[in-house]
1. How many residues are over 16 Å from HIS156 (Cβ atoms) and loosely packed, with under 14 Cβ neighbours inside 10 Å when one looks only at region 210-232?
2. Of the residues in region 1-56, how many are among the aliphatic types (A, V, I, L, M), surrounded by 15 or more Cβ atoms within 10 Å (Cβ to Cβ) and closer than 26 Å to PRO92 by Cα?
3. Scan region 76-96 and give yes if some residue there is among the polar types (S, T, N, Q) and open to solvent by 50 Å² or more (accessible area, probe 1.4 Å), otherwise no.
4. With respect to the numbered conditions (1) crowded, with 22+ Cβ neighbours inside 10 Å; (2) touching a Lys or Arg at 6+ places or on another chain (Cβ under 6 Å); (3) in a loop (DSSP other than H, G, I, E, B), which one is the sole condition not fulfilled by PHE112?
5. I'm trying to understand the selection: among the residues of region 212-271, which are of a type in the set (A, V, I, L, M) and either at pLDDT 95 or above or not in a loop (DSSP other than H, G, I, E, B) (or both)?
6. Give region 174-195 a look and list any residue that's small (Gly, Ala, Ser), open to solvent by less than 10 Å² (accessible area, probe 1.4 Å) and within 15 Å of TYR211 (Cα to Cα), or say none.
7. Test each condition in (1) within 16 Å of HIS122 (Cα to Cα); (2) under 13 Å from the mean Cα position of the chain (by Cα) for GLY169 and report the one that comes out false.
Amino acid sequence: DWVWSLATDQADPTGDTPLKPILPTREGNSELWLPLHSLVRSRRFAWRPGSDRYCNAVRDVLRRDLKSCAAADPRLAERALDAICRKHHCDPREISQQVKRGRATTTITDDFSGTLAAWDQHSKTWTIESSRLKNTYSSGTVERCRHTTALSSADHYSQCAVYGTLHGGATRLDAAAWNGYGCRAYFGNLLFVDKVTSGSNSALAFPAISYSSGKVAKSSINGSTLKSYYDGVEKDSRTDTTHSGYLYCGVLASVQDQTSDDFYATDGLTSGGLYKRIVGGGVI
């Protein structure tokens, strides 16, 4: 009890006297581990600064460490602040008035020079040929090839260079690639804007493009705003609230033996590791 009190209610954020506070783990628990005893006490951490001396001490440690982090790497500090806020459900202004809250991010790239080990092949109809992604069987529906890495946010974009016809980026896919959005570049100078619901495709629009092999078809979803691009130019923007919360991306295709390359998807910032110590045990 005495050691627990020293490391919680009586903790000193500076660490001078007597101890710095126990920082909550990734799971949100305050844990006391002692040699030869392993875990001796665990308590769920609650964020309630002002009335809780232990919470105040944890907050002050986070403030000091975030300030040091910001001096060394401002972008990293932004992502660390986001991790803190998501973990403790706190207002970023409680931690810092100077650091702007960023967010955790993920970026996915594939030039298809290897294998499809990182891809979930819907209906098993995809292969790599001459370092390009190729769909080998047309079932009469829009096929989805989903990358198995989840993005950090449901607001993201996905794109690929289209070398055949009716290929393009897919966004906000669910884990089964059964729902999502996307677009497909058609060599008849159209861009198909797509929504897939329960495995069935709906073409939402057909904006005109100037098709050329190797140009990029990009799908972007931010909140309820779905945008479609071709060759870097926005071709369609609309509101759709059907799909929300899905974190996966990939490629759409609907004509046999067509190819695409240079897949790229991201939810914003450059990916990178978070400053582990200031968010507690483990990686957020």
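The values are calculated or read from the model by the stated rules, or taken from the named source; none is laboratory data. The structure presented is a predicted model; accordingly, all values stated were derived computationally and were not measured. Note that we place each Cβ from the backbone using ideal geometry, even for glycine, and neighbour counts take in every protein chain shown. These area figures cover heavy atoms from the full protein model, side chains too; ligands, DNA and RNA do not enter into them. Shrake-Rupley method; radii C 1.70, N 1.55, O 1.52, S 1.80 Å.
1. Within region 210-232, the first condition is being over 16 Å from HIS156 (Cβ atoms), and the residues that meet it are 210-215, 230-232.
Within this subset, residues satisfying the condition of being loosely packed, with under 14 Cβ neighbours inside 10 Å are 210, 212-214, 232.
Matching residues across region 210-232 total 5.
2. First, pick out the residues of region 1-56 that are among the aliphatic types (A, V, I, L, M): 3, 6-7, 11, 19, 22-23, 32, 34, 36, 39-40, 46.
Filter once more, keeping what is surrounded by 15 or more Cβ atoms within 10 Å (Cβ to Cβ): 6-7, 11, 19, 22-23, 32.
Those still in the list that are closer than 26 Å to PRO92 by Cα too: 7, 11, 19, 22-23.
Qualifying residue count for the region: 5.
3. So far as region 76-96 goes, no, none of its residues is among the polar types (S, T, N, Q) and open to solvent by 50 Å² or more (accessible area, probe 1.4 Å).
4. (1)
5. Step one: of region 212-271, the residues of a type in the set (A, V, I, L, M) are 216-217, 221, 226, 233, 247, 251-253, 255, 265, 269.
Within region 212-271, VAL216, ALA217, ILE221, LEU226, VAL233, VAL251, LEU252, ALA253, ALA265 meet the criteria.
6. Here is the first cut: in region 174-195, the residues small (Gly, Ala, Ser) are 175-177, 180, 182, 185, 188.
Now narrow it down to the ones that are open to solvent by less than 10 Å² (accessible area, probe 1.4 Å): 177, 180, 182, 185.
The answer is ALA185, and nothing else.
7. It fails just one condition, (2).
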